[in-house]
């Protein structure tokens, strides 16, 4: 199948986000794809306060897969209590990453609200969680994995690869 | 009981024999070598084709744990182990409980051993009462009771005057004084060789100087008192060199090395293997090589097993807290063969170190296959490999650094005074 | 070559000593610690990684400091913690180490943190635990204190990121110090080019150069141009064991004063595993001075221990 151009999707995502943010919204990108997207979105949205989350310590598959080889420190340099937060991620799949991200955010404080913006929803939801903003719906079977890539010039593209199920 | 051992390869270092010959035994003695004596009809024939027939091994140090530590091992279990190892004569150190410093205790031990009739036991009497290093023991009485020499086991005499007088007294009668050379203050609380491994593992080390200082004192006092000395368990290259020099000067000194120190070094401690917690400690590669060389050139007279059965619990503790020692009666032969093979030592010479040479040091007529001599014989298969496991060892001590190893050299028959004490 | 710390796939199963740890695993622990460093500043100072797991502190040798840091680290990972000060309980009644451990296994502990006065105790325990149980050595005799070594190099890495260009000096009783041994192994494994030990001969193990260090007996010489000064604690017993004449003479020759510290690089950092003997190995002016990173060491200790526990727990 032909995948859409990720750079075009980025612009569409920004358009979808603009109506739902205010100057007081905080953006939180989820490592790594969500952080890349957030870095490109910030200038387009007016440089809001922002942070990053590495959800490795909150994943629900620690018991079977162990600690991820590369963990990075989460950085939330703003007060979470009573804040409206927009989470940003690249591909929405089962929803478990977002559940982990929300659990982690709640350990920082009690937000006023959390919204979710993703570049692509590839279907396969396993939890009652859904993005408020989504630039593309691309339903995929379980044996395929969709990834956001960034080349050395910072240009985004989408890649599909087979996985063993 | 008339026994005919047929077609074995007789190796007798004492008489320089290495030949395929038949052996005839009657009335507990060697009745014929090679040709059948007149009128000899065997009650039992042993087919020794492919096997080596040698004098029963003579082991200069085997702790039997009786009297006193019967929970660890008994005379019966350990003498059975001796028989299984082809050892027909052994010397045991006096550090029993009570210490072997009374003729009555020595007589009882000898009596018990004789009743069991599995091996000849030659107790070493304590050199000082209770091994305390203060007062002399009744060496003449103890010798009459059966002691083959006098020893301090692992407890050095601190008061030099006492050491001097003890050796002087022993020299009066020509008794041999057996001492393990270790300066007690330098060795205090030490558990490993003071070298790279101890530095890495954080274990308190016993420096080479602890052995050499003691050898120096002992040799000097021996020279001045005229005492005959046997140094037990050399462990250092420098120590070997000191004995070499002393022998050149004609000092009456003999020495032995433990079979463990011919194979292992400090590196075998690995990740704190308490089976390698030994006294003296396992030292460096250089020391090991010097010990091997010392045996080859005769500086070191004999190899012993240094048999010390220790119960499992005493080894299942951190290294420094573990009781030192390794089981060895059943391993002396295969480990000696392995040493000979690895160091290209002729079998005859290697066998000498565990038969004739230790017999001479003990002053007993054993370790030889001569006409009319007592028929203490070991028949073994030099090609048969067997695995060292707790189940196979007869000794109650299963503690050995060689656990799980496959060694060549299985004793098939052991005869004591012409009757079978072990069959395999 | 069999490595008792690693499982068949080469992943960390026990943390017993820094010696024998592959560099990659050392780095993994340090990198993971970065992620835990911020947890203590949040409102909820916990992450759920070890929820439902039980961590057992078995201290055969007393230490409130170390035990407390392990306890905090375990609790920040949401683990349940059991503390056993065996020095006061069943051990003194004659129960062996292995018996104690076996009894605790019946309580379904997932992780044992062990401190013992004898070298090799942690290795012994690791040989005898159930397959899914992890052992962390919190100090065994003079042999190793791997989490301390790790937190020390982590601290150095925070202040001096270029490890390949450092001169580090360890000062004091290396002979009796498990901390020193672990630090030396960590520094050499990470490629620190120059590791110096500064001590009187009586406080250095024989063959210490084989550990990859340069030996100095003159502190002024040894401190020249170093980037990191690690002070070791001097215990009172050393005076009574004929190893040293007095604390005063020791301080004169081997104590860290501002004047001696000035010989090191101007931006050199001063470290100490604690607890400090002020006026014996270190002058208060230095301990409380701006070059001292002794307090941050303690905080990093929690992050590093959290990293070790989570990596181990994830490798079941």
Scanning segment C:103-151 residue by residue, those closer than 13 Å to residue C:58 by Cα and free of Cβ contacts under 8 Å to residues at least 24 places away in the same chain turn out to be C:103
Qualifying residues in segment B:245-259 (those that are touching a residue at least 40 places away in the same chain (Cβ under 8 Å) and within 20 Å of the chain's Cα centre (by Cα)) - the one surrounded by the fewest Cβ atoms within 10 Å (Cβ to Cβ):
B:254
If residue C:95 passes every condition in (1) within 14 Å of chain B (Cβ to nearest Cβ); (2) assigned to a helix (DSSP H, G or I); (3) free of Cβ contacts under 8 Å to residues at least 24 places away in the same chain but one, which one does it miss?
(2)
Which pairs have Cβ atoms under 6 Å, sit 6 or more apart or on different chains, and link a residue in segment A:59-76 that is facing chain C (nearest Cβ under 8 Å) to one that is surrounded by fewer than 17 Cβ atoms within 10 Å (Cβ to Cβ) and in a loop (DSSP other than H, G, I, E, B)?
A:66/C:315; A:73/C:38
Quick one: is residue B:101 farther than 29 Å from residue B:336 by Cβ, at pLDDT below 95 and assigned by TED's automatic domain parsing to the domain that holds residue B:336?
no
Residue that is nearest to residue C:254 (Cα to Cα) [pool: residues in segment C:176-205 that are in a loop (DSSP other than H, G, I, E, B) and touching a helix residue (DSSP H, G or I) at 6+ places or on another chain (Cβ under 6 Å)]:
C:205
Only unsatisfied item for residue C:200, checking (1) in contact with a strand residue (DSSP E or B) (Cβ under 7 Å, 6 or more places away or on another chain); (2) touching a residue at least 24 places away in the same chain (Cβ under 8 Å); (3) more than 11 Å from every other protein chain (Cβ to nearest Cβ), is (1)
Scanning segment B:362-388 residue by residue, those closer than 19 Å to residue B:347 by Cβ and in a strand (DSSP E or B) turn out to be B:377, B:378, B:379, B:380, B:381, B:382, B:383, B:384, B:385, B:386
Listing of helices (runs of 4 or more DSSP H) fully contained in segment B:196-263 that carry 3 or more residues being within 14 Å of chain C (Cβ to nearest Cβ) and touching a helix residue (DSSP H, G or I) at 6+ places or on another chain (Cβ under 9 Å):
B:196-201, B:208-225
Could you say whether any residue in segment C:5-23 is more than 27 Å from residue B:316 (Cα to Cα), part of a helix (DSSP H, G or I), touching a helix residue (DSSP H, G or I) at 6+ places or on another chain (Cβ under 8 Å) and within 10 Å of chain A (Cβ to nearest Cβ)?
no
Flag if residue B:34 is at positive phi and either surrounded by fewer than 21 Cβ atoms within 10 Å (Cβ to Cβ) or over 17 Å from the mean Cα position of the chain (by Cα) (or both)
yes
Residue A:100 - would you say it is closer than 28 Å to residue A:4 by Cβ and either facing chain C (nearest Cβ under 9 Å) or in a helix (DSSP H, G or I) (or both)?
yes
Single unsatisfied condition, residue B:408 versus (1) crowded, with 17+ Cβ neighbours inside 10 Å; (2) closer than 25 Å to residue B:369 by Cβ; (3) within 21 Å of the chain's Cα centre (by Cα):
(1)
Filter segment C:263-277 for residues that are surrounded by fewer than 11 Cβ atoms within 10 Å (Cβ to Cβ) and without any contact (Cβ under 8 Å) to a residue 60 or more places away in the chain; which is nearest to residue C:295 (Cα to Cα)?
C:267
If residue A:135 meets every condition in (1) surrounded by 18 or more Cβ atoms within 10 Å (Cβ to Cβ); (2) in a loop (DSSP other than H, G, I, E, B) apart from one, which number is that one?
(2)
Taking the stated definitions as given, is residue C:78 surrounded by fewer than 16 Cβ atoms within 10 Å (Cβ to Cβ) and within 11 Å of another protein chain (Cβ to nearest Cβ)?
yes
Just give me the residues in segment C:24-56 being buried (at least 20 other Cβ atoms within 10 Å of the Cβ), more than 8 Å from chain A (Cβ to nearest Cβ) and in a loop (DSSP other than H, G, I, E, B), in sequence order.
C:50, C:53
Residue that is nearest to the chain's Cα centre (by Cα), among those in segment B:37-54 that are closer than 28 Å to residue B:383 by Cβ and in a loop (DSSP other than H, G, I, E, B)
B:51
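The values are calculated or read from the model by the stated rules, or taken from the named source; none is laboratory data. Bear in mind the structure is a predicted one, so any value in this text is a computation, not a measurement. Neighbour counts are summed over all protein chains in view; Cβ atoms, including those assigned to glycine, are modelled from backbone coordinates with ideal geometry.
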